[in-house]
Amino acid sequence: MPTALVTGITGQDGSYLAELLLSKGYEVHGVIRRASSFNTGRIDHIYQDPHEQDVHLRLHYGDMTDGSQIARLIRTINPDEIYNLAAQSHVAVSFQQPEYTGDADGLGVVRLLEAIRESGIDTRLYQAGTSEMFGSAPPPQNEDSPFLPRSPYAAAKLYAYHLVRNYREAYDMFAVTGILFNHEGPRRGETFVTRKITRAVAHIVAGIYLGNLDAIRDWGHAEDFVQAMWLMLQQDEPRDFVVGTGETHTVREFAAAAFDRVGLNWEDWVHIDPSYYRPTEVEHLHADPTRAREELGWRPEHTFDDLVTEMIEHDLSLLGLDLDMASARAAELRRVS
Ligand code: NAP
Ligand code: G4F
């Protein structure tokens, strides 16, 4: 049975990846951070009590800022594959916490690479890179596009990208970076723009404050993207890949599509709060995923419309509502206003 170590298992991608690996027969070890209350909501449905028989998912405390624990986990688990998904992943927050973001997202990867090297184990590493590294590079972006990062987050991820490449060349490691464009889903963190919008739609009367509506993103579904992560570690040779859908929308278009699902006009509900504008913005991300399509055989299965609908249905279900009930409520609102 292959063994995988997943950092960031409590996050959006970590939870989908853990499901995928378990379905493929892996023993999965996840790294979680100690918190004052439970932070495993996204993986509770696959959690197994370690006292049970035949346990395939095991959780360990750890942090990317704590190198000795990372080294200990790698030594004792001896995984065949490591997926480093742990990160302070919010671009806007990285402007407020640049030092911590650099520590967790940049230096954390050095700690991981050094732990692998010093342990001498034969393992494969997937590093979660990002299209944010392209920053202001002209679209569409592929593996040969320049990196022009526009945030402390992107700069930290770019540092990690170069280190992974350097360790691959210097020590002959199977270590790769997936340069993934935005991917979302019902488990997306509540402060990313797509989820912020779909939650507002579900609450209907809440309205919403947003920043830059003109930003263009290549939004896919996280369930499709974790497949690409796994495929990258199954190749004969280690190689970096751009992963994205190749289809783009503005934030405004996402909001319009989402409010339209329940029959509302987004312009009546979306307001601008300039404090959500970033000191430097990434205006246009558009993937050219040719290499992933040709070499990994990867293609997204979810469409943009599927994604918007699934996210809204999920946020409505949390309130005990469905699309018909929400549409009826919206129609009532239109009648009385
Ligand atoms: P996410 O939902 O924010 O999850 C991040 C995970 O990292 C969580 O499990 C979090 O733990 C953990 N974490 C944060 N700081 C840590 C630290 N210092 N030590 C250990 N764990 C830490 O992010 P995601 O959307 O799943 O993204 C996964 C990875 O892909 C991230 O590296 C992100 O930067 C990258 N990425 C994401 C996208 C995207 O569109 N989703 C695109 C490109 C790249 P808690 O649950 O305790 O907070
Ligand atoms: O949803 P966002 O915060 O995602 P962003 O900045 O594109 O980053 C996400 O994708 C990256 C891959 O490209 C990942 F590496 C990263 O970890 C993260 O998952 O913002 C999307 C766009 C931005 O242009 C932002 O300025 O939406 C714009 N936006 C407008 N109003 C807003 C808001 N973003 C947020 N979070 N909140 C707003 O109110």
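The table for this structure:
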item	result
Angle between the chain longest axis and helix 67-77 axis [Cα atoms, degrees, rounded to 10]	70
More than 23 Å apart - percent of Cα-Cα pairs taken over the stretch 1-98	24
222 nm mean residue ellipticity, helices alone, for the chain (DSSP H n ≥ 4; -39,500 (n - 2.57); rounded to 500)	-11500 deg cm²/dmol
Only Lys, Arg (+1) and Asp, Glu (-1) charged, at Cβ; the chain dipole about Cα centre in debye	700
Nearest-0.05 FRET efficiency for S23 and D305, computed from C-beta distance (R0 25 Å)	0.45
Apportionment of accessible area to carbon and sulfur, the stretch 1-137, percent (1.4 Å)	46
Of R34, R188, R261, the one that fluctuates the most in a GNM where the chain has Cα springs shorter than 10 Å	R34
Gaussian network model of the chain, springs between alpha carbon atoms under 10 Å - residue of L318, L296, L57 with greatest fluctuation	L318
Normalised convex hull volume, the stretch 107-181, alpha-carbon set, Å³ per residue	78
Tilt relative to the chain, helix 304-317 - C-alpha long axis, 0 to 90 degrees, to 10	80
Y276-Q53 FRET efficiency (beta carbon distance; Förster radius 56 Å; 0.05 resolution)	0.65
Long-range HN-HN contacts of H286 with modeled amide H, under 5 Å	Q141
Potential extension, M1-D324 segment - 0.36 nm per residue separation minus Cα distance	111.7 nm
Degrees, to the nearest 10: 222-232 long Cα axis against longest axis of the chain	20
Beta bridges per DSSP with both ends in the chain, % antiparallel, nearest 5	5
Geometric extent, Cα atoms of the stretch 185-331 - Rg, Dmax (angstrom)	17.0, 56
Accessible area of the stretch 281-337 belonging to carbon and sulfur atoms, whole % at 1.4 Å probe	48
Residues in the stretch 240-272 reached by a label modelled at E295 [backbone nitrogen below 13 Å; 7 Å Cα→Cβ]	240-243
GNM top mover of I116, I77, I312 - the chain, alpha-carbon springs below 10 Å	I77
The chain, accessible area per residue, ligands and nucleic acids excluded (1.4 Å, Å²)	45
Three-way shape call for the stretch 255-337 based on the alpha-carbon gyration tensor, with the a/c threshold at 1.5	oblate
Value of relative contact order over the stretch 236-337, rounded to a whole percent, pairs C-alpha under 8 Å and six or more apart	40
Point-charge dipole on Cβ atoms (K/R +1, D/E -1) for the stretch 223-337, about Cα centre, debye to 20	320
Kirkwood-based shape ratio for the chain, expressed as Rg/Rh from alpha carbons	0.98
Spin-label model distance (nm) - V110 vs F38, 7 Å beyond Cα toward Cβ	3.8
Debye-sum result for the stretch 1-53 in log10 I(q)/I(0), which assumes one identical scatterer on each alpha carbon, at q = 0.21, 0.26 Å⁻¹	-0.77, -1.12
Dipole axis of the stretch 202-337 (+1 Lys, Arg; -1 Asp, Glu on Cβ), positive-most option in A287, W298, Y276	Y276
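The values are calculated or read from the model by the stated rules, or taken from the named source; none is laboratory data. Everything numeric in this text was worked out from a predicted model, so none of it was measured. Heads up, the Cβs are rebuilt from the backbone with ideal geometry, glycines too, and the neighbour counts pull from every protein chain shown. Ligands, DNA and RNA are excluded from the accessible area calculation, which covers all protein heavy atoms including side chains. Shrake-Rupley method; radii C 1.70, N 1.55, O 1.52, S 1.80 Å.
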